[in-house]
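Quick notes on the structure that follows.
The values are calculated or read from the model by the stated rules, or taken from the named source; none is laboratory data. None of these values were measured; they are calculated from a predicted model. Using ideal geometry, Cβ is built from the backbone for each residue, glycine included, and neighbour counts are taken over all protein chains shown. Side chains are part of the model used for accessible areas, which takes the heavy atoms of the whole protein and leaves out ligands, DNA and RNA. Shrake-Rupley method; radii C 1.70, N 1.55, O 1.52, S 1.80 Å.
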Amino acid sequence: MTKILLLLTGGTIGSIMTDGVISTDKDKKCRLIELYNQKYNDDCVFDIKQPLNILSENLDKSHWEILVNTILETDISSYDGIIITHGSDTLSYSSAMLSMCLCHLEIPVIITASNYVPDDTRSNALINIHSAVILIKTLERGIFTVFANEGDDFCSVYLPTRINEADRFNDKFSSFDGMCFGTVKNNTFVKNPLSPSLYEIYKKRQPITNRLSLKKDVLMIRPYPSMNYSSINLNGNIGAVLHITYHSSTAKTDGENSALAFLEKCKKADIDFYCASFKDKNSALYETSNILIKNDAIPLYNISNESAYAKLLLCYNCDISDKKSIYGTEYLF
C-alpha cells in the first residue's frame, strides 16, 4: 500500500465546467480521485486535504504561506509522498517557492496541474496524477513538477526551480536549462542522464523550516521598448526590486527614463535592485549591463524569473543575515 498526502489547491485540475465557464469545484467528494480510482485501481490510499481552493491566477504570497505552513505543521512520517495539485497559470511560480521551502523533506513531493478539467476527455489530469504516483513509488525523496504536454506520449518531470511558465500559444511547459529532469512513460520513470543527481541538487540547500511569513514584497518588472520607468512607484513594503533583463542580460541605460535612472531611484529609497538573468560570471558584458552593475545593480546568474522571484521573497522575509548565500548560485538553485 502506498499512502499519499494529496493537497488540493484548486486550479483547472480541481475545477468543473458549467455552461462554458470553468470554476473551482466546491464539492468535497474530490472528483479527481474518483476518476483516478476508476481508471487505475492501484494500491494507493489518498489522505485528501484542501488548504486552498482558488483559480491559480488569483494566487498571492499569502496562499504560499498557507500551503507551506500546512505541510510544515503536518506529521508526514506515515506518508510515502505528497502530491500538490495546482492551477497551470502560476504553476511555475509555486513550484519554485515550494521547492525552496520544502527541500529538506525526506519523502517525494510532486506538484502537478492539468490542461482541462478532469471530466474532459482531453484532460491530462489523470496522466499527471498517475505519473506523480510513479515518482513517489520510484524515488526516495525530492521535489518535482510533472506535466504531460499536449502531443507528447510521456509525462515530463521538471526540477521545480527550472520549470518555465507555459507559453501562451501551445500552452506547453519547458525547462529553463532546456532539458527535463526525466520522463514517465509506460509506468516507468527514466532520468535524463544529463540532469544533475539528487545529491548534487540538495546537498547545499538551506531549507526554510520555520513558519513561513512573507510580509515584504518583491517588485518584479520586465522591460520593453519605450517603457515608462517613471510610472513605477515604490510605495508599500518593498524589500527589493527584481528587474528581468532582455535575453542578452541587458536593459536600457540611456536617458532619464531608463533602468539606470530607476536604479538610482531605488538606491535613494534604500531598496536593493537585482537583475536576472546573467550568464556565466566570466562572460563578456554588454556596455549597458556593465553600467548597471557598476551602479550597484546585483546580478543573478543562470536563474529563471520564477526562481529569482521566489529566492528574493525568501531572502527578504526570512531571518537570513547573509543574503548573498541565498540569492547566489550556491544555495536554493
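Computed quantities for the displayed model
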read-out	value
Loop-located chymotrypsin sites (Phe, Trp or Tyr not before Pro) in segment 237-288, at most 16 other Cβ atoms within 10 Å (DSSP)	TYR246, TYR286
Separation in nanometres of the label points that stand 7 Å from Cα toward Cβ, at ILE293 and ASN187	5.2 nm
LYS215 accessible area, 1.4 Å probe, all protein chains in place, Å² to nearest 10	140 Å²
GLU73-ARG211 pseudo-label distance in nm [points 7 Å out on the Cα-to-Cβ vector]	0.7 nm
Whole-Å distance, taken between Cα centres, linking segment 46-84 and segment 259-273	36 Å
Added length on full extension, which subtracts the Cα-Cα distance from 0.36 nm per residue, ALA261 to ARG141	38.6 nm
Fraction of beta bridges assigned by DSSP in the chain that are antiparallel (%, nearest 5)	30 percent
Per residue, in Å², the accessible surface of segment 1-108 once ligands and nucleic acids are set aside, probe 1.4 Å	43 Å²
Contact order normalised by residue count of segment 104-187, Cα under 8 Å, 6+ apart, percent	26 percent
Calculated Rg and Dmax of segment 15-138 using C-alpha coordinates, Å	14.4, 44
Rel. contact order, % - alpha carbon contacts under 8 angstrom, at least six apart, the chain	14 percent
Efficiency of FRET from Cβ geometry, ASP152 and ASN235, R₀ 56 Å, rounded to 0.05	0.80
Percent antiparallel among DSSP beta bridges (both partners in segment 100-224, rounded to 5)	70 percent
Carbon/sulfur fraction of accessible area - the chain, other protein chains in place, 1.4 Å, %	48 percent
Nitroxide proxy distance, nm - points 7 Å out along Cα→Cβ at ILE48 and ARG31	1.2 nm
Segment 114-271, accessible area per residue, ligands and nucleic acids excluded (1.4 Å, Å²)	52 Å²
10 Å Cβ shell holding at most 13 others, DSSP loop, GluC sites (Glu not before Pro): longest site-free stretch of the chain	151-255
Quarter of Cα convex hull surface for segment 1-74, i.e. mean projection, nm²	5.9 nm²
Computed FRET value (nearest 0.05) for GLU165 with MET1, which takes r as the C-beta separation and R₀ as 51 Å	0.90
For segment 18-170: relative contact order, % (alpha-carbon pairs under 8 angstrom, 6 or more apart)	22 percent
All-pairs alpha carbon distance profile, the chain, 10 Å steps from 0, percent	5, 25, 32, 23, 11, 3, 0
